[in-house]
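Novice: To start, I am sharing the structure in question, which I have written as structure tokens.
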Amino acid sequence: EMGKAECHFINGTEKVRLVVRNFYNREEIVRYDSDVGRYVGLTPCAEKAAWNLNSNPAEMERRRAEVDTYCRGNYELA
């Protein structure tokens, strides 16, 4: 299992997009996109995992806050 987080900066820090991808066995199974605002299951089996993550308010609040803490906080490093 592997996870990958990407920050996309559009026009400096005015528009920031966070994309978190989760892979299993070299296949992307679940993706969080801050523009969508929720997890999306990319395989039939992963749809239940995405539903479980979306129904957890603490997880969703943490992901929404990562746009500011993770992306904007590391903008100057990038």
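The values are calculated or read from the model by the stated rules, or taken from the named source; none is laboratory data. As the structure is a computational prediction, the values presented were derived from the model and not from experiment. All Cβ positions, glycine included, derive from the backbone under ideal geometry; neighbour counts span all protein chains shown. Areas reflect the complete protein model, heavy atoms only, side chains present, ligands, DNA and RNA absent. Shrake-Rupley method; radii C 1.70, N 1.55, O 1.52, S 1.80 Å.
Novice: Considering only protein heavy atoms and a probe of 1.4 Å, how much of the accessible area of the chain is carbon and sulfur, as a whole percent?
Specialist: That share works out to 49 percent.
Novice: To continue, here is another question. Give the list, by residue number, of cysteines in the chain with no other Cys Cβ closer than 4.7 Å, or say none.
Specialist: Singleton cysteines: Cys45.
Novice: Test of understanding: what is the full-extension gain from Ala58 to Lys4, defined as 0.36 nm times their sequence separation minus their Cα-Cα distance?
Specialist: Working: separation 54, 0.36 × 54 = 19.44 nm, distance 2.00 nm.
17.4 nm is the gain from fully extending Ala58 to Lys4.
Novice: Say each of Lys15 and Arg38 gets a label point 7 Å from the Cα, pointing the same way as Cα to Cβ; how far apart are those two points in nm?
Specialist: Each label point is offset 7 Å from its Cα along the Cβ direction, giving 2.3 nm.
Novice: Additional query: Can you give the log10 of the normalised intensity I(q)/I(0) at q = 0.17, 0.22 Å⁻¹, computed with Debye over equal Cα scatterers of the chain?
Specialist: Debye curve over Cα of the chain, log10 I(q)/I(0) at q = 0.17, 0.22 Å⁻¹: -0.67, -0.99.
Novice: Quote to one decimal, in nm, the extra length available between Thr69 and Arg26 on full extension: 0.36 nm per residue of separation minus the C-alpha distance between them. Please report the intermediate quantities before stating the final value.
Specialist: Numbers: separation 43, 0.36 × 43 = 15.48 nm, distance 2.82 nm.
Result: 12.7 nm gained on full extension.
Novice: To continue, here is another question. Accessible surface of Thr43 in the full protein assembly, 1.4 angstrom probe, to the nearest 10 Å²?
Specialist: We get 20 Å² for Thr43.
Novice: Relative to the Cα centre, what is the charge dipole magnitude of the range 2-77, using +1 at the beta carbon of each Lys and Arg, -1 at the beta carbon of each Asp and Glu, and rounding to the nearest 20 debye?
Specialist: Values: 12 positive and 12 negative charges, 26 e Å.
Result for the range 2-77 is approximately 120 debye, rounded to the nearest 20.
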